[in-house]
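Taken together, the values in this text are just the output of simple stated rules run on the coordinates, not laboratory data. As the structure is a computational prediction, the values presented were derived from the model and not from experiment. Here the Cβ is made from the backbone with ideal geometry for all residues, glycine too, and neighbour counts use every protein chain on show.
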Amino acid sequence: MAIKSVGFAGIGTMGSGMSRNLVKAGFSVFVYNRTRSKAEAVVSATVVDTPAELCRRAEVVLMCVSNDSSLRDILYGSSGMMPALTGKNILIDSSTTSVELTAEIAKKCAEKGAEFLDAPVTGGMKGAAEGTLLYMIGGKKKTFESCRNVLEAMGKLLVYCGPSTYGQRMKIALNLTQSMILESCLEGVVLGLKEGLPLGVIMETFDNSGAKSGVATAKLPGIVQRDFTPTFLLELMDKDLKLAASEISKFNLKLPVAAETIRILQECMDKGLAKEDWTAIAKLLEQENKAEISK
């Protein structure tokens with residue numbers, strides 16, 4: 001039976017565009033946000049007063065919040081979702097949160113007879129607005145297939161990663177990788193600039209060689225234009241890298257480039273860059289080497 005009603009908790013940078021695309025796709029959409037005005041900005045959606053009400057009004061309930069603490073508040077806080085969940089609900093978490101919390105949620109959903117998917121996303125604010133997100137999905141494949149029409153309203157590519165927690169595992173590995181790639185590209189650019197090479201020459205060469213990367217191609221133009229308007233906060237990338245650090249420690253892995261990248265993000269946090277876009281990692285490199293990546 002086709003899903004007709006969807007609830008959404010967390011109408012922020014990502015959730016705003018995601019919930020609007022659900023409305024455009026023809027679902028009956030119910031939205032909740034701690035700051036009610038953000039929820040009210042989702043035209044044609046019904047604003048509810050509590051997270052619990054989403055479970056009573058919608059078949060599928062999505063969450064997209066910033067961290068473990070915010071997710072726990074939505075689930076277990078005053079009028080939280082968990083007590084209201086029933087076997088009629090499918091809960092989908094599109095936040096990027098810890099593997100441990102994800103496993104806990106899956107277990108509690110099973111105890112309530114509700115289905116659960118961990119389904120973090122990548123694609124940023126632009127992807128959320130345009131409905132072109134990439135989903136990384138963990139949980140029962142049958143549950144994933146039953147929600148395909150909901151997820152396709154917000155994403156262009158749905159990658160089934162495996163059982164519960166595997167979506168989060170993939171997202172953590174992805175954001176660690178993206179951070180390492182961008183940092184390494186920026187270091188190469190700085191070296192080229194110090195060698196006296198024009199920035200345009202460096203970028204053209206990188207973009208037409210084995211050094212080309214999706215994250216660098218997407219992010220370098222903004223850095224060059226000195227536009228660090230947040231589309232994904234540096235403090236959120238730092239949070240994701242701390243999740244990666246936890247997983248690395250769990251498996252006792254020796255990943256030296258990852259360790260240095262995690263340290264660099266923390267240094268950026270210490271220097272007050274938390275509320276800038278995560279591409280502001282370039283600023284630390286520029287300061288240390290007295291070289292600005294700009295035209």
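Structure values in brief
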{"read-out": "Sorted by Cβ density within 10 Å, fewest first, the residues 66, 94", "value": "66, 94"}
{"read-out": "Estimated FRET transfer efficiency when R0 is 25 angstrom, pair residue 49-residue 3 (beta carbons, to 0.05)", "value": "0.60"}
{"read-out": "Given 24/112; 24/88; 171/283; 24/283; 171/275; 239/295, the pairs whose alpha carbons are separated by over 27 Å", "value": "24/112; 24/283; 239/295"}
{"read-out": "Amide proton proximity set for residue 117, modelled H, under 5 Å, gap of 5+", "value": "91, 92, 93"}
{"read-out": "Inter-part distance where the range 212-252 and the range 42-113 are each reduced to a Cα centre, Å", "value": "26 Å"}
{"read-out": "Cut-off under 5 Å, modelled amide H: who pairs with residue 46 long-range", "value": "29, 30, 31"}
{"read-out": "Per-residue Cβ neighbour rank within 10 angstrom, fewest leading, 46, 165, 96", "value": "46, 165, 96"}
{"read-out": "Nearest-ten-degree value, helix 15-24 long axis tilted from longest Cα axis of the chain", "value": "50 degrees"}
{"read-out": "Karplus 3J(HN,Hα) series, Hz, for the range 261-268 with 6.51 cos²θ - 1.76 cosθ + 1.60 (x for Gly, Pro)", "value": "5, 4, 5, 4, 4, 5, 5, 4"}
{"read-out": "Stretchable slack from residue 217 to residue 201, in nm (0.36 nm times residue separation minus alpha-carbon distance)", "value": "4.3 nm"}
{"read-out": "Relative exposure of 95, 70, 209, 246, judged by other C-beta atoms within 10 Å (fewest first)", "value": "209, 246, 70, 95"}
{"read-out": "The chain, helix-only ellipticity at 222 nm - DSSP H runs n ≥ 4, -39,500 (n - 2.57), divided by all residues, nearest 500", "value": "-15500 deg cm²/dmol"}
